[in-house]
Amino acid sequence: MAENFYVNTVGAVSASKLSEAVALGKELAKESTAAGSERASIGTIMTGNNAGSVVFQQFLNSLDDFANIMDAFAASSTYAKIMGTGLQVTMRNIAKFCDVPFDAPSNPNRKYVILTRGTSHIPQQDLMDLMAQAAPLFSEHGAQAFRFARIMTGNNAGDFLLGVTYPSMAEIEATYDAIGTSPIAAKIYAALDVNLRNIIKIQGAAS
């Protein structure tokens, strides 16, 4: 079953403590799934204003699951240790997934994520229809997952978020070469004012 909600938590940590924070994040991902998330992962942001930060991603069926997970983290020694590295949470957003079909592989190899965020002047359903038309292009060039969502919380509440995972940077390059000549991609760019695009390297995951 596809999850309904996505939680993205970004934390800044010193370079000397990054490897420790990532190792603890791998354990925290396991605790997240034990407490109610369908999947969780720890990664490092490679680009943008938050380059060098860690990012914790959680995929949930309900917001009650999120509440249960945060209760579990409050009593978690792993969570206390990761905060003890000096990590400072700089952002946490919740987004609700939109129903956009995608032909995903049965055993996806998720190594990198590209998150693209933007605002739109067209109705949500029209934008979802455009995303559905674009999804095969991503699949054909190696994307492992293609999830479209609308942000519910934080400074960017109301913005749209597209998360696409890839097995390597080669597939990212091939996809964006194809996007450059795609009429559907041109329509999306005309409808979506992009205000962020980050590449994330997934360092560990649990499901």
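Would you mind stating whether Phe73 is part of a helix (DSSP H, G or I) and either closer than 27 Å to Phe138 by Cβ or modelled with pLDDT of 95 or more (or both)?
yes
Here's the yes/no breakdown for (1) in contact with an Asp or Glu (Cβ under 8 Å, 6 or more places away or on another chain); (2) among the β-branched types (Val, Ile, Thr):
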{"residue": "Lys81", "(1), (2)": "no, no"}
{"residue": "Gln88", "(1), (2)": "no, no"}
{"residue": "Pro101", "(1), (2)": "no, no"}
{"residue": "Asn107", "(1), (2)": "no, no"}
{"residue": "Thr116", "(1), (2)": "no, yes"}
{"residue": "Thr119", "(1), (2)": "yes, yes"}
{"residue": "Leu130", "(1), (2)": "no, no"}
{"residue": "Ala134", "(1), (2)": "no, no"}
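Looking only at segment 153-181, residues that are surrounded by fewer than 16 Cβ atoms within 10 Å (Cβ to Cβ) and not in a helix (DSSP H, G or I) come to 8 in all. When Thr90, Thr119 are screened for being more than 18 Å from Ile200 (Cβ to Cβ), surrounded by fewer than 19 Cβ atoms within 10 Å (Cβ to Cβ) and of a type in the set (S, T, N, Q), only Thr119 passes. Against the definition (in a loop (DSSP other than H, G, I, E, B), surrounded by fewer than 15 Cβ atoms within 10 Å (Cβ to Cβ) and either in contact with a Pro (Cβ under 9 Å, 6 or more places away or on another chain) or of a type in the set (D, E, K, R) (or both)), how does Asp103 come out, yes or no? Answer is yes for this residue.
Count, please, the residues in segment 106-116 that happen to be surrounded by 12 or more Cβ atoms within 10 Å (Cβ to Cβ) and free of Cβ contacts under 8 Å to residues at least 60 places away in the same chain.
Quick first cut of segment 106-116, residues surrounded by 12 or more Cβ atoms within 10 Å (Cβ to Cβ) only: 108-116.
From what's left, free of Cβ contacts under 8 Å to residues at least 60 places away in the same chain: 108-109.
Residues meeting the conditions: 2.
Thr85 - would you say it is over 20 Å from Ala206 (Cβ atoms) and touching a residue at least 12 places away in the same chain (Cβ under 8 Å)?
no
The values are calculated or read from the model by the stated rules, or taken from the named source; none is laboratory data. All values derive from a computational prediction rather than experimental measurement. Don't worry about glycine lacking a Cβ; one is built from the backbone with ideal geometry, like all the others, and counts go over all protein chains shown.
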